[in-house]
Amino acid sequence: MRLDVVTIFPEYLDPLNVSLVGKARAHGRLGVHVHDLRQWTRDRHHTVDDTPYGGGPGMVMKTEPWGEALDQVIADGYESGARRPALVVPTPSGRPFTQELAVELSARPWLLFAPARYEGIDRRVTEEYATRMPVYEVSIGDYVLAGGEAAVLVVTEAVARLLPGVLGNAESHRDDSFAPGAMADLLEGPVYTKPPNWRGRDIPEVLLSGHHGRIARWRRDQALDRTTRNRPDLIERADPAAFDKKDRETLSILGWAPGPDGRFGRTAPDVEE
Ligand code: ADE
């Protein structure tokens with residue numbers, strides 16, 4: 001996979017050299033190219049922004065530097081053999097970035113990121129490139145960052161760990177929280193490793209039982225418990241067919257019951273601990 005990032009803060013992307021993404025690069029799974037947007041400015045001050053039409057606070061990133069930057073980065077990519085680019089524009093106004101979208105992006109051969117500072121990029125830029133390639137406007141959460149660079153790091157890490165061979169164990173992301181299939185729509189429960197006793201704290205005995213069925217059941221109950229606490233919306237939205245008899249017992253103990261449409265809802269008010 002080829003990644004290009006055009007930014008006014010190239011050094012912000014330095015973490016792409018380390019850890020998992022760095023490993024993917026070292027193994028040749030990922031080619032990363034970071035470009036300074038100001039290279040494509042023509043004035044003495046290297047201006048990339050201007051005041052918004054229609055008034056209002058803040059500044060808007062200008063069309064010309066972005067257009068010239070993207071044209072050249074795309075041309076250079078094609079020249080070095082890359083094909084089928086997709087433009088990824090991080091913005092709080094984008095569609096939510098989910099595991100499903102990470103899986104979709106991980107299948108693409110070439111991602112071109114356009115992180116904005118200020119109030120965003122002049123709309124005509126995304127419109128223009130949308131005529132030539134898929135454009136993904138993505139938000140990494142319901143909060144406003146000072147710029148899209150941190151979102152590029154988030155998306156890149158989520159995508160890179162899905163590339164074949166990067167995680168080592170092909171099964172490693174099958175049970176991820178939010179992974180399509182298997183434990184879909186439940187958060188993962190707690191995990192433990194050696195030593196078996198730490199500061200007087202034992203690990204749950206069932207994990208030492210060697211009884212795979214009981215361990216799987218315990219993990220499922222833990223996942224249900226954690227999901228009801230931290231993401232009740234996932235339980236409320238879940239297709240009731242996803243819950244087996246034992247799930248239903250566990251949910252009932254946790255204070256949840258099926259409503260008239262079969263979907264689960266809370267029966268008891270939250271108890272503070
Ligand atoms: N830029 C600023 N805030 C953002 C967010 N929440 N997601 C993606 N890009 C952003």
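Data for the structure
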quantity: Whether the stretch 31-153 is rounded, prolate or oblate, judged on the alpha carbon gyration tensor where a/c under 1.5 counts as rounded; calculated: oblate
quantity: Efficiency of FRET from Cβ geometry, His45 and Ile203, R₀ 51 Å, rounded to 0.05; calculated: 0.25
quantity: Electrostatic dipole magnitude of the chain [Cβ: Lys, Arg +1; Asp, Glu -1; Cα centre; debye, to 20]; calculated: 860
quantity: Dipole magnitude of the stretch 76-174, debye to nearest 20 (Cβ charges: Lys/Arg +1, Asp/Glu -1, about Cα centre); calculated: 220
quantity: Long-range amide H partners of Ser139 with built H, under 5 Å; calculated: Thr91, Gly94, Arg95, Phe97
quantity: Calculated P(r) tail over 23 Å for the chain, as whole % of Cα pairs; calculated: 63
quantity: Positive dipole terminus of the stretch 4-152, leading residue within His27, Ala116, Pro92 (C-beta point charges); calculated: His27
quantity: Dipole-positive endmost among Leu13, Gly67, Ala82 within the stretch 1-108 (Cβ charges, Cα centre); calculated: Ala82
quantity: 3J(HN,Hα) from dihedral phi, the stretch 63-77, Karplus parametrisation 6.51/-1.76/1.60, rounded to Hz, x for glycine, proline; calculated: 5, 4, x, 5, x, 5, 4, 5, 4, 6, 4, 5, 4, 5, x
quantity: Sites matching chymotrypsin sites (Phe, Trp or Tyr not before Pro) across the stretch 1-105 that sit in DSSP coil, with at most 13 neighbouring C-beta atoms within 10 Å; calculated: Tyr53
quantity: Under-5 Å amide H pairs with His33, H placed in peptide plane, nonlocal only; calculated: Leu3, Asp4, Val5
quantity: Restricting the stretch 202-266 to GluC sites (Glu not before Pro) in coil, as DSSP defines it, with at most 15 other Cβ within 10 Å; calculated: none
quantity: Most mobile listed residue (Gly56, Gly120, Gly94) in the chain, GNM with C-alpha springs under 10 Å; calculated: Gly56
quantity: Cut-off of 10 Å, at most 16 other beta carbons, DSSP loop: longest stretch of the chain lacking such trypsin sites (Lys or Arg not before Pro); calculated: 200-262
quantity: Under the Karplus curve 6.51 cos²θ - 1.76 cosθ + 1.60, θ = phi - 60°, whole-Hz ³J(HN,Hα) for the stretch 50-56, x wherever Gly or Pro sits; calculated: 7, 6, x, 4, x, x, x
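No lab work stands behind these numbers, since they all come straight from the coordinates. In this text, all values refer to a predicted model and were calculated from it rather than measured experimentally. Glycine gets a Cβ as well: all are built from the backbone with ideal geometry, and neighbour counts include every protein chain shown.
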